[in-house]
Amino acid sequence: MRSLLVTSEYYPLIKTGGLADVCGALPPALAAQGVDARVLLPGYPAVLDAVRHTVTVAPLPDLFGGQGRLLRGRAPDDTVLYLVDAPHLFARGGGPYLDPAGQDWPDNHLRFAALSWVGAHLPAGNDGWQPQIVHAHDWQAGLAPLYLRSRPDRRPRSVVTIHNLAFQGLYPSWRMNELRLSPEHFTADGFEFHGQIGFLKAGLVFADRITTVSPTYAREIMSAEAGAGLDGLLRHRSAVVSGILNGLDTTVWDPAKDTALPAAYAANDLSGKATCKSVLQRRMRLGEARNRPLFGVVSRLTQQKGLDLLASLVPAIVRAGGQLALLGTGEPGLEATFRQAAEDHAGHVGVLIGYDEQLAHLILGGADALIVPSRFEPCGLTQLQALRYGTLPVVSRVGGLADTVIDANTAALADGAATGFVFAPSTAAALADAIGRALALFSEPDRWRSIQRRAMSRDVGWTRPAQAYRALYQDLLQADSTA
Ligand code: ADP
Ligand code: GLC
């Protein structure tokens, strides 16, 4: 089976969030299931620099305002990568979506239409490879299923995976022509979304299958509250919608082998975690005390992540003897709030505004608990990282958080099933209650340790999810051959 993942991010080459982690880890996991999964990625400078020894597959002579070429190379883990080398679209500084001043690139519609177009019309190189399945990720690849429909031949089947319905890729209708879209589909049951062109909507309408990254989020997005205006469409297509929980790359996230940690540890010997905690305390200028509960946060600082709820609780955490180590970047208002909290509570609250993978690993290794108070969360990976590192997650009961953490309520504690603390609704009061329960359990080291061990033994790898994607691909190809 041959599938092409079309994505705008890929760990370890270009990452702003969990999309990169998923698109980096899924291909080798699919390969282990016998799927020949390759990846199509924009040729950003960081990617072209990192992928050496590429071959040119074909020129891309008319690529949305300029010329490009399709390159083929290999990722560090040997996954085959196709790169859209198109200087007029991708040869620039800044990030994948934003310019250095933090504004959306003005031609994002062309940049990601080009990615989607090449995904739908992948030229066969000298190895003659062609996908049977085009697997588009998020709005940036959302036009691929629509472009595929316009192919006259026996086209590959398509899957769209929603990583976040909040980002839809909406552009004014007058851009239709330059995006090679036909006005015939500019309707409510086509790619029109309230008078605009919707990239993600196009994917959801025209893909053969739709997946999202947890079963709970798959249900939530069919409701008006979480559907971001697309719930009606998703309900209409519910027969082809499914939720497949993300995994973690357990080679990147392994406390026994993590080179970003000052000491290794494992479920049967947690002593190295204490060393990680003191190093983290020193690094974040926190008082070095083993017995003070240390809460960690590694997150984008946006409305989605609910960290404003946590901000209001910082004084209470400090009063209760707790510490906070926060790493994140995002909305200027939230960044300022947490910087201020670090100033107001020096020695108790450490904040680093920025993106730092090494520090993210150290927080996961060194903290006692990780707070993820999201208002919505398609899957969430940091709580999986936390489980794997024996750092008990404190999470809101939404999306993938609800699917991956078992609350330490009386019954779950008695059954030995608990792996963290789950609260609902997403309010400061409910979060305060969960933090209070975490503080209480932390003062019982034996019980805390047994929950840590259980958390660390949870299966958070990619094997099961990759099997589910393989089954989905198979189903799709079979449906096709019997059609
Ligand atoms: P989202 O994709 O919505 O941001 P996820 O939990 O799925 O949320 O994935 C976030 C990923 O990015 C995780 O691997 C997390 O460790 C990482 N991450 C988030 N913020 C930072 C940061 N400031 N520095 C380093 N890594 C970060
Ligand atoms: C998105 C979601 C996050 C999910 C990630 C990977 O960024 O916000 O919940 O884990 O995609 O699927």
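Numbers at a glance
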read-out: Solvent-accessible area per residue for the chain (1.4 angstrom probe, square angstrom); value: 39
read-out: For the range 251-263, Karplus couplings with θ = phi - 60° (6.51, -1.76, 1.60), whole Hz, Gly/Pro x; value: 8, 6, 10, 9, x, 7, 9, 6, 6, 7, 9, x, 8
read-out: Ordering of 424-431, 124-131 by packing [mean C-beta count within 10 Å, highest first]; value: 424-431, 124-131
read-out: Charge dipole magnitude, Cβ of K and R +1, D and E -1 - the chain, Cα centre, debye nearest 20; value: 560
read-out: Volume per residue that the Cα convex hull of the range 271-456 spans, once the total is divided by residue count, Å³; value: 98
read-out: Burial order of peptide ranges 444-457, 33-46 (average beta-carbon count within 10 Å, highest first); value: 33-46, 444-457
read-out: LEU477-ARG319 FRET efficiency (beta carbon distance; Förster radius 60 Å; 0.05 resolution); value: 0.50
read-out: Backbone N under 13 Å from the ALA224 label point (7 Å along Cα→Cβ), restricted to the range 343-378; value: none
read-out: Nonlocal Lys pairs with alpha-carbon distance under 25 Å, the chain (8 or more apart, or different chains); value: 7
read-out: Beta bridges per DSSP with both ends in the chain, % antiparallel, nearest 5; value: 30
read-out: Chain lengthening between ASP36 and ARG151 when straightened (0.36 nm per residue, less Cα-Cα); value: 39.1 nm
read-out: Distance (nanometres) between label positions extended 7 Å along Cα→Cβ at ARG237 and HIS194; value: 1.9
read-out: Rough spin-label spacing in nm, given labels placed 7 Å along Cα→Cβ, for ASP127 and ALA428; value: 5.5
read-out: Relative packing of 237-245, 47-55, which averages over residues the other C-beta atoms within 10 Å, highest first; value: 237-245, 47-55
read-out: D_trans [Stokes-Einstein, Kirkwood Rh over alpha-carbon pairs] for the chain, 25 °C, 0.890 mPa s, µm² s⁻¹; value: 105
read-out: Net lengthening on full extension, SER173/SER278 (0.36 nm per residue, minus Cα-Cα); value: 32.2 nm
read-out: Within the accessible area of the chain (1.4 Å probe), percent carbon and sulfur; value: 51
read-out: Dipole of the range 271-456 [Lys/Arg +1, Asp/Glu -1 at C-beta], most positive-end residue of GLN304, GLY400, LEU364; value: LEU364
read-out: FRET efficiency for ASN268 and ALA411, using Cβ-Cβ distance with R0 set to 22 Å, rounded to 0.05; value: 0.25
read-out: Estimated FRET transfer efficiency when R0 is 51 angstrom, pair ALA256-GLU184 (beta carbons, to 0.05); value: 0.35
read-out: For the range 271-456, size of Cβ-based charge dipole, Lys and Arg +1, Asp and Glu -1, in debye; value: 460
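The values are calculated or read from the model by the stated rules, or taken from the named source; none is laboratory data. These numbers were taken from a predicted model, which means no experiment stands behind them. All Cβ positions, even for glycine, are placed from backbone atoms using ideal geometry, and neighbour counts span all protein chains on display. Quick note on the areas: whole protein, heavy atoms, side chains included, nothing else; ligands and nucleic acids left out. Shrake-Rupley method; radii C 1.70, N 1.55, O 1.52, S 1.80 Å.
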